[in-house]
Amino acid sequence: MPRAEKPRTRGNHTAVCMREAIMKIRNGESIRKVSKVSEIPFTTLRRYYFEYKQKGSIDEMRLVPNYEVNRVFSVEQEKNLGDYFKYCALLFYGLNTRECRRVAFQMAKLNDLKMPQSWTEKEMAGKDWLKAFRKRHPDLSLRRPESCSLARATAFNKSNVAKFYDNLENLMKRNPAFSDGTRVFNLDETSTTTVQKPQKVIAPKGHKSLCKVTSGEKGTLVTTCCIIGASGSALPPVMVFPRKNFKDYMCKNTPTGTLGLAAPTGWMNSDLFPEVIRHFIKHTNSTPTNPSILILDNHESHLSIEALDLAKASGVHILTLHPHTSGKLQPLDVGIFGPFKTYYNAAIESWMLRNPGKPVTIYDIGELVGSAFLKVMTPCNITNAFRKCGIFPFDKLIFCDNDFLPSTVTDRPCPECSPREEAVFHLSPISFPATASPKHMPFTSSSVTPTKESSKNVYESELPTSSTSKNNTESFKSPFEFRNPIKAGPRKSNRKQRKLGRSLIATDTPEKAEIEMEKAASRRKQETKKRKTVKKIMQSDSDDDIEIQLQDSDDNNDWQWRSEEENNILVLTNNDLKKPLPHLPQEGEYVITEFSTKKKILYYVGKVLHTRNEDLEYHITFLRQNVEHKFRFPDVPDISFVREDDIKLILPEPIISGSTSRQQSFYKFSLDLSLLNIN
């Protein structure tokens, strides 16, 4: 905690109090007695009394300290400086303490003001000045800002937000049932992991290192999808577990009606989202005669054609948000997920206190989500979240100009504007800074495009000398004038423009048809790329490239050579494993073994630990393959006995490459095993 400041004991008296004290001493009372009665320090009172005796008249004296004599800036100048600090903070380019001190020094130097010598030596104001400045301006505070990406700061602008509210207003006018908010819903996913974020704890003072036990170093992700309604209702959540197949026991102790799904990555994808739409339709009873509005972000998984067809057939109107605007336009992000994460972390800590020494697994997340879900999904929280976003009650003007201020950094003139129109400045109705020059007020889309010099860092610009500023003492120079505006430079014309996302009603026929065309084009492009994959290999005796069309079928019965000279790489097929072994496997050799199941045959790469025993079995430790067709030994050794008949091929010595221990732990063979079903 910050140290409490010691109250000031000197200079707290008023002129009336000092006058009365001097009069009492003149009437014969002692200085020390009057000092105790009037609560004025003895030395201060004695100094003022001796000054009175020298001058002989109390009317010619200053009876209070003159603290303004060493003040650098006037009240109006400091207000201008504070307005600039506020302006930068609202622009999401706030200044830290060193930058504020540097700006104060620059303003004092440019205006040729009297300042301490230490300012000139360090080229910044002192810490004591900044401390006193903050006391004189209690509306300013030192805070730690939240991180905000450039995309989020610039995407939340008037045009994008207006487009969303226009689409929402269009939907609400289509059916009278949407006016009361009972058929308006919001859907979004959040991450729930097995590792919590520690909360604040009570601990003894003096310990520099304080830790809190977590479930592990890096948690396992389980995606939780929440759906809330503008009337204050919350639908049962959807949970996506990082497994290939879903089992019922994964949803133990979850909220009633929770839908459990499984995906290898634990993320929502286009294959699972139709199940979410069916879950939504089931719990909202959405039909063409009882339609509903579902607001969600335009992630690729939410715009699958199957999900859109299902939603449209059931009367669900899907409205997407503009990319990077969900932080202020989506009720779940605005008022639900924040407290949900707080309750979820508290639930994990409570669980670990009840189960000391036991880590949290994905099979425990259902219980933790259920505990946090019931606490946060209250009608009050949900309705307030919809109200703050202006969705219900509908308010398209809920955001003021200050909310759009960060997006003005990248505003550029319209291409169709004439040079004369570009030169006209349109002032934004921001309430401050009142003393700023018009050309440094917040920029609109019709502002002048910054020049190359103005786009430099503000600290790279050279300050004028004192002699130059003396000639311009008629006008005071504020930071809005001598510092370069926080403005993005002109966009490069040769830059390839990609198609930007936007807010749209995805279930409308024109929008849905456009999405289908984009999906079909992307699918054709991927299929063409797979079908026409060509690998260029340089021949050792020629500089010409050899193009070989890869075969997708497994019908090739012979060895396939990728080149005919050095560094030959053999492409193995299943028929190559039917050939007899050249010799019996020896200890330390690498082999391919066969394991048969009811549905298919699997192959594994292993290393022989011991030669065959009396039962004709080999003791083998198995390796695991990654996506790059490299192999490594697992952290937990996988050792088993294998019959001699199940060993199908003896591999050459593996190749080890890399400089780090991790890279050297991967093995690669000089044979192409991509056509074999190797695990």
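The values are calculated or read from the model by the stated rules, or taken from the named source; none is laboratory data. Note that this is a predicted model, so its numbers are computed, not measured. FYI the Cβ positions are ideal-geometry reconstructions off the backbone, even for glycines, and counts take in every protein chain you see.
Some observations on this one:
- Residue that is farthest from Y343 (Cα to Cα) [pool: residues in segment 159-202 that are at pLDDT 90 or above and among the hydroxyl-bearing types (S, T, Y)]: S159
- Hey, K358 without any contact (Cβ under 8 Å) to a residue 24 or more places away in the chain, out of contact with any Pro (no Cβ under 6 Å at 6 or more places or on another chain) and either surrounded by 14 or more Cβ atoms within 10 Å (Cβ to Cβ) or in a loop (DSSP other than H, G, I, E, B) (or both) or not: yes
- Count of segment 638-662 residues which are under 18 Å from F595 (Cα atoms) and not basic (K, R): 12
- Segments classed as strands (runs of 3 or more DSSP E), wholly inside segment 171-271, with at least 3 members that are within 30 Å of K396 (Cα to Cα): 184-193, 221-229, 234-241
- Contact annotation: residue pairs with Cβ atoms under 7 Å, 6 or more positions apart or on different chains, pairing a residue in segment 303-322 that is closer than 14 Å to E514 by Cα with a partner that is small (G, A, S) and not in a helix (DSSP H, G or I), are L303/A506; S304/S270; L308/A506.
- So P339, is it more than 24 Å from L296 (Cβ to Cβ) and assigned by TED's automatic domain parsing to the domain that holds D248: no
- Segment 112-154, residues that are in a helix (DSSP H, G or I), within 20 Å of D83 (Cα to Cα), touching a helix residue (DSSP H, G or I) at 6+ places or on another chain (Cβ under 8 Å) and hydrophobic (A, V, I, L, M, F, W, C): W129, L130, F133
- Filter result for L329 (within 22 Å of G266 (Cβ to Cβ), buried (at least 21 other Cβ atoms within 10 Å of the Cβ) and of a type in the set (A, V, I, L, M)): no
- Residue tally, condition farther than 21 Å from S371 by Cα and among the β-branched types (V, I, T), over segment 202-243: 1
- Flag for L374 being in contact (Cβ under 8 Å) with a residue 60 or more places away in the chain, in a helix (DSSP H, G or I) and more than 18 Å from the chain's Cα centre (by Cα): yes
- Scanning segment 137-161 for residues that are more than 24 Å from the chain's Cα centre (by Cα) and surrounded by 12 or more Cβ atoms within 10 Å (Cβ to Cβ) returns H137, L140.
- If the condition is being exposed (fewer than 11 other Cβ atoms within 10 Å of the Cβ) and in contact (Cβ under 8 Å) with a residue 12 or more places away in the chain, then segment 587-612 contributes G588, K600.
- Within segment 21-68, considering residues that are acidic (D, E) and surrounded by 11 or more Cβ atoms within 10 Å (Cβ to Cβ), the one nearest to G11 (Cα to Cα): E39
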